[in-house]
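This report refers to the structure that appears directly beneath it.
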Amino acid sequence: MFKKILAAVVTLALALPLSAQAAPIIIKFSHVVANDTPKGQAANYFKKLAEERTKGRVKVEVYPNSQLFKDKEEMEALQMGSVQMLAPSLAKFAPLGLKEFELFDLPFIFDDYNELHKVTQGPVGAKLLKKLETKGLIGLAYWDNGFKVMSANKPLKNVTDMRGLKMRIQSSKVLDSQMRSVGAIPQVLAFSEVYQALQTGVVDGTENPPSNLYTQKMHEVQKYVTMSNHGYLGYAVLVNKKFWMGLPADIRAALESSMKDATAFANSVAKKDNDEAMAGVKKSGKSQIITLTPAERAAWKKAMDKTHKENMGRIGADIVKEVYAATGYKP
């Protein structure tokens, strides 16, 4: 009788599909912003698509708001395999020895999304992602967040208004140079610490796309927001190379398809979300919105242009000139 039962169990197990027998492949996707930002929404959309298209063979666990790792910790965590996927800002790659990525931090290098996408969706963007493989990483896509605005507790209309202000930045030599070019004092802080730093006066102001400013409630502790649109904040979606190459080919194909569609989704919602966030800031009545005239914006651009000259050697003159050629930027 025991042998008959055992044989029946074995027969049933063999009849079950592989997905019913094996535990799902877990992808921990960690990021530092809120779920309702463009990146947060795109991460959740990727999760939905990946789980559907692999028929449950993959489970994506999304951890927003620095729940697992802060800014300074997440890249090392990915290289060590503590997480499998990240979407860090493009300023994060210089500490890995990939200073070329800092070209995205250069002020006023992109006037709009059309110019930006000539780079991120063109040969320059592909060339940069390829460089990540030497660091044990694979770059799957670029995701937009948006163009940055300045905020502070004093009006920022003229370049001279920036003098002496302690401005929070990401860890980036280019952003450090940018703030110093207008007389501000750059302060590197993890994203998760910015609200409290603004609230307590540890820093005077910050630069962020509106969606980050609004979802983190920074506008509640900043009296003025200037629509400078001086810089771009975007992300590269990364996976651990060893993990990725160890996946079955059909799983990889399904995940690549999911990432392609999640990227289109991310980029489509970025501008819409930032526009809605600025409307939310205005409606709150907590921050006054300052719109620069073309002449005022040109003065900011002229003052910050030396950031390009100071960092050309650091980033690489050849690749910066490729971007200039693609976008039509004139120093």
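Observations, loosely collected:
- Considering residues of the stretch 27-49 that are aromatic (F, W, Y) and either without any contact (Cβ under 8 Å) to a residue 40 or more places away in the chain or in a helix (DSSP H, G or I) (or both) only, the residue least open to solvent (accessible area, probe 1.4 Å): F46
- For the condition within 18 Å of D36 (Cα to Cα), more than 20 Å from the chain's Cα centre (by Cα) and assigned to a helix (DSSP H, G or I), G280 qualifies.
- Here F108 clears all of (1) in a loop (DSSP other than H, G, I, E, B); (2) out of contact with any strand residue (DSSP E or B) (no Cβ under 8 Å at 6 or more places or on another chain); (3) at pLDDT below 95 except the condition numbered (3).
- Flag for D112 being open to solvent by 10 Å² or more (accessible area, probe 1.4 Å), closer than 26 Å to M304 by Cβ, in contact with a helix residue (DSSP H, G or I) (Cβ under 7 Å, 6 or more places away or on another chain) and charged (D, E, K, R): no
- Residues of the stretch 50-93 that are in a helix (DSSP H, G or I), closer than 30 Å to Q178 by Cα and open to solvent by 10 Å² or more (accessible area, probe 1.4 Å): D71, K72, E73, M75, E76, Q79, K92.
- Pairs are defined by a Cβ separation below 8 Å, a sequence spacing of at least 6 or placement on different chains, a first member in the stretch 308-322 that is at positive phi, and a second member that is open to solvent by 70 Å² or more (accessible area, probe 1.4 Å); the pairs so defined are G316/K99.
- P155, sole failed condition from (1) surrounded by fewer than 21 Cβ atoms within 10 Å (Cβ to Cβ); (2) under 16 Å from G231 (Cα atoms): (2)
- Across the stretch 50-81, the number of residues qualifying as touching a Phe, Trp or Tyr at 6+ places or on another chain (Cβ under 6 Å) and modelled with pLDDT of 90 or more comes to 3.
- Tally, over the stretch 160-179, of residues that are over 13 Å from D204 (Cα atoms), among the small types (G, A, S) and out of contact with any Ser or Thr (no Cβ under 7 Å at 6 or more places or on another chain): 2
- In this structure, T226 qualifies as on the phi < 0 side of the Ramachandran plot and either out of contact with any helix residue (DSSP H, G or I) (no Cβ under 7 Å at 6 or more places or on another chain) or of a type in the set (F, W, Y) (or both).
- The residue that is least open to solvent (accessible area, probe 1.4 Å), among those in the stretch 95-109 that are farther than 16 Å from K148 by Cβ and not aliphatic (A, V, I, L, M), is F101.
- Filter pass, M150 being hydrophobic (A, V, I, L, M, F, W, C), open to solvent by less than 10 Å² (accessible area, probe 1.4 Å), in contact with a strand residue (DSSP E or B) (Cβ under 8 Å, 6 or more places away or on another chain) and without any contact (Cβ under 8 Å) to a residue 24 or more places away in the chain: no
The values are calculated or read from the model by the stated rules, or taken from the named source; none is laboratory data. These numbers come from a predicted model, not from an experiment. Glycine also receives a Cβ, built like all others from the backbone with ideal geometry; neighbour counts cover every protein chain displayed. Areas reflect the complete protein model, heavy atoms only, side chains present, ligands, DNA and RNA absent. Shrake-Rupley method; radii C 1.70, N 1.55, O 1.52, S 1.80 Å.
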